[in-house]
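First the structure, in the form of structure tokens, and then the observations on it.
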Amino acid sequence: MEMASKTMNETPAFTNREIHNAEDVDLDQTKPKLYPKGWRLHALTAGLCLSMLLSTLETTIVSTSLVSIVNDLQGFSQAGWVVTAYFLTYTGFLVIYAKLSDIFGTKLLILCAVTLFAVFSIACGVCNTMLQLIIFRAIQGIGGSGIYSLVTVMTPLMVPPAKYPTYVAIISSVFAISSVLGPLLGGAISDHTTWRWVFWLNGPGGALALVLLTISIPFSFPYPGPARFFSTLVSEKAWKRVDYLGAFASLAASILLVFALEQAGVEYPWKSAPIIVSFVLSGIFWIVFVVWERGLSLKNSVCEPMFPWSLACNRFVLGLLLNAFLTGFPFMSAIITIPQRFQVVNGTTAVDAGIRMLPLLLCSPIATILASLLLSKLRLAPLYVLLAGCSLQTLGVGLFSSLDSSDLNVPAFQYGYQVIMGCGFGLNLSTVLMMVPLVVKQRDMPVTMGAATQIRVLGGTIGLAICSALLSNHVASQISFLTPDQQAALLQSSQNIRRLPLELQVRIRQVYATGYNQQMRVMLYFCIASLVSLSFLVEWPPRRLQTTEDGEIAAPRK
């Protein structure tokens with residue numbers, strides 16, 4: 001320990017082993033942060049929110065524009081890949097961006113991500129073939145992934161800890177709003193102009209975000225000092241710190257898993273060779289990733305592991321990641337399936353369905369603000385807030401699963417169920433991020449934030465895949481009273497319900513209502529599991545947000 005301390009005082013270059021063995025010295029916490037203030041803080045907040053809005057919109061905005069895109073580019077058989085291509089890279093690069101930002105600087109990485117996203121959004125808008133669009137969507141997803149990951153990483157670095165919960169609430173609200181705004185905006189664009197504006201709108205939006213981010217933060221962010229732009233890019237030491245094998249293994253494992261979940265039951269049957277091989281290869285790459293990261297963490301090497309083994313051995317980190325995964329499942333599923341239920345079962349328009357989702361959408365950001373007040377002002381333990389959030393989301397999802405499938409009207413009390421769900425999701429999703437500084441040191445925050453974000457997205461992707469499979473199987477098994485042609489048309493698109501006779505429409509909508517209830521019951525099981533996952537975080541006394549005299553979060557207990 002004496003040798004490690006001596007080395008730390010003499011030179012800023014450390015090996016991975018030296019850094020992680022110096023348990024009593026947190027290098028980053030000894031550096032005073034330079035927080036942006038005044039107009040710079042407002043510009044940075046606006047730039048991050050705008051970037052996040054554009055990135056998350058692209059995960060849903062294309063869904064209501066697919067018909068127009070396919071008809072124009074004449075590629076019906078490849079339609080699913082327009083959505084899947086974005087999700088593959090969007091999910092795979094989240095942790096990679098978080099770790100690289102720790103090496104090359106957050107400003108450099110987020111400017112690259114926004115530029116990549118904006119440029120290839122415009123490229124998507126000028127495509128003339130489906131193959132071009134799919135390729136450009138994949139590259140666009142790399143930029144969108146960087147935006148989502150780095151906004152999450154930068155939020156705790158841009159303001160003092162006392163204000164951190166408030167800004168987490170702001171960022172979380174943007175994500176919740178964009179999830180429903182995407183389909184509505186996509187439908188409006190397709191109805192009133194060309195589908196190409198679905199992508200072109202990211203051009204001016206991305207340019208504005210670039211300007212706001214460029215003028216608001218220095219390249220040395222979050223610490224004062226000289227810019228680390230070109231010097232970092234050409235630094236041999238910086239490139240030696242990159243864990244190439246770990247990045248490749250995590251990327252391959254994530255992409256293969258998302259591909260299998262997105263395409264199973266859609267492009268390929270669940271028992272088909274492509275799906276089975278994808279699941280197997282994903283599992284192999286996850287094993288390679290875990291083994292490699294453990295070995296690299298124990299080596300005396302300059303190369304830094306993508307996910308330090310010390311975090312994998314931390315029960316609080318594992319608890320937060322598990323809770324994020326289990327909450328991501330019902331959150332994403334509810335946001336996507338409830339509007340679908342309004343349209344398919346209750347016969348509303350897409351715009352009307354979005355309006356009927358307002359109780360959940362408004363309560364979620366309100367709950368994130370409430371969580372920030374409870375943690376920062378009242379110093380309530382995050383564990384208690386997580387318990388309240390998990391309990392509320394479990395109650396809300398459970399009540400929603402009990403809706404009468406024979407009633408095709410929209411019952412007024414289901415809005416109350418949405419309120420309960422929205423409050424639960426808002427408390428949970430924001431508190432997980434707010435608790436990260438309490439369980440890891442400053443040097444591990446970027447990768448922990450990135451991991452929490454990626455595993456939440458993975459949870460949501462798995463949830464959507466399971467819910468889609470449940471609904472498809474249920475409908476296919478319950479529509480034997482239709483003719484073969486009617487069955488084929490219905491399984492191709494639920495919009496074909498309106499082409500059936502009125503009596504058959506009522507029966508089919510009741511079938512779908514039962515299927516959506518089954519989806520909610522599966523979400524309920526994951527909500528219960530999220531409650532159980534909080535056992536990893538139990539301790540006495542529970543951790544609370546505490547700051548030092550200079551306003552920083554106190555180092556987590558060992």
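The values are calculated or read from the model by the stated rules, or taken from the named source; none is laboratory data. Please read these numbers as outputs of a predicted model, since none were measured by experiment. Here Cβ is always computed from backbone atoms with ideal geometry, including for glycine, and neighbour counts include all displayed protein chains.
Would you mind stating whether Leu545 is in contact with a Phe, Trp or Tyr (Cβ under 9 Å, 6 or more places away or on another chain), farther than 14 Å from Gln340 by Cβ and at pLDDT below 80? Walk me through it before giving the result.
Values: in contact with a Phe, Trp or Tyr (Cβ under 9 Å, 6 or more places away or on another chain): yes; farther than 14 Å from Gln340 by Cβ: yes; at pLDDT below 80: yes.
When the stated conditions are applied, Leu545 passes them.
Scanning the stretch 60-80 for residues that are in a helix (DSSP H, G or I) and either at pLDDT 80 or above or under 29 Å from Asp243 (Cα atoms) (or both) turns up Ile69, Asp72, Leu73.
Pairing residues of the stretch 289-308 that are over 13 Å from Ser250 (Cβ atoms) and without any contact (Cβ under 8 Å) to a residue 40 or more places away in the chain with residues that are part of a loop (DSSP other than H, G, I, E, B) and not polar (S, T, N, Q), at Cβ distances under 9 Å and at least 6 apart in sequence or on separate chains, gives Arg294/Pro305; Gly295/Pro305. Set side by side, the residues Phe400, Phe425, Phe413 differ, and just one is farther than 29 Å from Ile497 by Cα and aromatic (Phe, Trp, Tyr), which is Phe425. Inclusion of Ser190 among residues that are at pLDDT below 90 and buried (at least 24 other Cβ atoms within 10 Å of the Cβ) is not warranted.
Residues being outside any loop (DSSP other than H, G, I, E, B), over 20 Å from the mean Cα position of the chain (by Cα) and crowded, with 18+ Cβ neighbours inside 10 Å: count how many of those fall in the stretch 238-248. Matching residues across the stretch 238-248 total 1.
Looking across the stretch 487-540 at every residue that is aromatic (Phe, Trp, Tyr) and surrounded by 20 or more Cβ atoms within 10 Å (Cβ to Cβ), the one that is farthest from the chain's Cα centre (by Cα) is identified as Tyr512. For the stretch 193-223, a residue qualifies if it is more than 30 Å from Asn128 (Cβ to Cβ), buried (at least 19 other Cβ atoms within 10 Å of the Cβ) and among the aliphatic types (A, V, I, L, M), and the qualifying residues are Leu212, Leu213, Ile217. So, in the stretch 98-149, of the ones that are among the hydroxyl-bearing types (Ser, Thr, Tyr) and surrounded by fewer than 22 Cβ atoms within 10 Å (Cβ to Cβ), which residue ends up nearest to Val83 (Cα to Cα)? Only one residue fits best here, namely Thr129. How about the stretch 249-306: which of its residues are of a type in the set (Ser, Thr, Tyr) and closer than 21 Å to Ala138 by Cβ? Hits for the stretch 249-306 are Ser250, Ser254, Tyr268, Ser278, Ser282. Condition first: of a type outside the set (A, V, I, L, M, F, W, C) and not in a helix (DSSP H, G or I). Can you find one or more residues in the stretch 412-428 that meet it? No, the stretch 412-428 has no match at all.
Residues are listed down the side, and each one gets a yes or a no for (1) farther than 18 Å from Phe329 by Cβ; (2) among the hydrophobic types (A, V, I, L, M, F, W, C); (3) surrounded by 21 or more Cβ atoms within 10 Å (Cβ to Cβ):
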{"site": "Cys363", "(1), (2), (3)": "yes, yes, yes"}
{"site": "Ala367", "(1), (2), (3)": "yes, yes, yes"}
{"site": "Leu373", "(1), (2), (3)": "yes, yes, no"}
{"site": "Val397", "(1), (2), (3)": "no, yes, yes"}
{"site": "Ser406", "(1), (2), (3)": "yes, no, no"}
{"site": "Tyr415", "(1), (2), (3)": "yes, no, no"}
{"site": "Asn428", "(1), (2), (3)": "no, no, yes"}
